[in-house]
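Read through the structure below, which is laid out as structure tokens, and then see the notes.
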Amino acid sequence: MYVRTVKVRSSNGTLNEYVRVVEAYREHGKVKQRVVADLGRKDLLSSLLPKLRRVLEGTPTIDGKPVEEIEVLDASTWGPSVVLRHLFEQLGLWRLLDQVLGRSPGGSYADRAFVLLANRLTRPKSEHGLATWLETEFVCDRQGRRFVPHWHRRGRVRVHHRQLEAWYRTLDRLLAAKAKIEVGLYR
């Protein structure tokens, strides 16, 4: 097999060069040739040649970059929180929790309730374990700000006490408003 270029005049008069893979074979003592593959126009193939070379040599790439050059900055899981966010919107929980729980000085109780619920549904942990879970999960509030754990070593407790207090206050508010939330969900 070998590569052959063929010049073909198009209907508008331009001369295009095509690249073909041709095979020579013998039939009844005569040498004949047949086209194995028509690779396309030579001018278009020249831009694909570096990519084709990487494929043939087995160099893996993503978006044209060799894999060795790609640096993973974040591999957070975000799928479960997207599904839960959709359920929150369908059930009207954002509006309901905003009405029933109100706002805290440090942000929305509804946003923190969303994080607590996402944690309980995907990987149930305590409020201490919630901080570790937030390192691997991409969970954000309604403005798109990601919830991140705040660490502070104090004896056995590694999670910053302000963050723990915020989670506990949210749980207290949820418990106090449980009846109103259930009635709101029923309606």
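Within the range 121-171, the trypsin sites (Lys or Arg not before Pro) that combine a DSSP coil assignment with at most 10 other C-beta atoms in a 10 angstrom radius are Arg145, Arg156.
Note on Lys30: no lysines have a C-alpha under 18 Å away, same-chain residues under 8 apart excluded. The C-alpha atoms of the chain define a longest principal axis, and helix 161-176 lies at about 70 degrees to it. Hey, which lysines would be in cross-link range of Lys51, C-alpha to C-alpha under 16 Å, not counting anything within fewer than 8 residues on its own chain? Correct list for Lys51: Lys42, Lys65.
Computed over the chain with a Gaussian network model linking Cα atoms closer than 10 Å, the most mobile of Glu127, Glu89, Glu17 is Glu17. Placing unit charges on the Cβ atoms of the charged side chains and taking the dipole of the chain about its Cα centre, the candidate lying farthest along the positive direction among Ala179, Val31, Gln163 is Val31.
By the Kirkwood approach, averaging reciprocal distances over each pair of separate Cα atoms, the chain gets a hydrodynamic radius of 22.6 Å. Binning the alpha carbon pair distances of the range 79-186 at 10 angstrom intervals from zero yields the distribution 14, 48, 32, 6, 0, expressed in whole percent.
3J(HN,Hα) couplings calculated from phi for the range 137-152 with the Karplus curve 6.51 cos²θ - 1.76 cosθ + 1.60 (θ = phi - 60°) are, in sequence order, 9, 9, 10, 10, 7, 5, 8, x, 7, 6, 7, 10, x, 10, 9, 7 Hz; Gly and Pro show x. For the range 107-156, the Kirkwood estimate of hydrodynamic radius, built from reciprocal distances between every pair of different alpha carbons, is 11.5 Å.
Could you size up the charge dipole of the chain around its Cα centre, putting +1 on the beta carbon of Lys and Arg and -1 on that of Asp and Glu, and report it in debye to the nearest 20? Taking the Cα centre of the chain as origin, the dipole is about 160 debye.
The angle between the Cα long axis of helix 109-122 and the longest principal axis of the Cα atoms of the chain comes to about 60 degrees, rounded to the nearest 10.
In the chain, helical runs assigned H by DSSP with n ≥ 4 each contribute -39500 (n - 2.57); averaged across all residues and rounded to the nearest 500, the mean residue ellipticity at 222 nm is -14500 deg cm²/dmol. Among Gly92, Gln143, Thr5, whose Cα projects farthest towards the positive end of the dipole of the chain, with charges put on the beta-carbon of Lys, Arg (+1) and Asp, Glu (-1)? Towards the positive end, the residue furthest out is Thr5. Rounded to the nearest 10 degrees, what's the angle between the helix 127-136 long axis and the longest principal axis of the chain, both from Cα atoms, 0 to 90? Here the helix axis deviates by roughly 20 degrees. For the range 2-69, a/c is not less than 1.5, where a ≥ b ≥ c are the root eigenvalues of the C-alpha gyration tensor, and a/b does not top b/c. That puts it in the oblate class.
Taken together, the values in this text are just the output of simple stated rules run on the coordinates, not laboratory data. Because the structure is predicted, anything quoted here is derived from the model rather than measured. We place every Cβ from the backbone using ideal geometry, glycine too, and count neighbours over all the protein chains shown.
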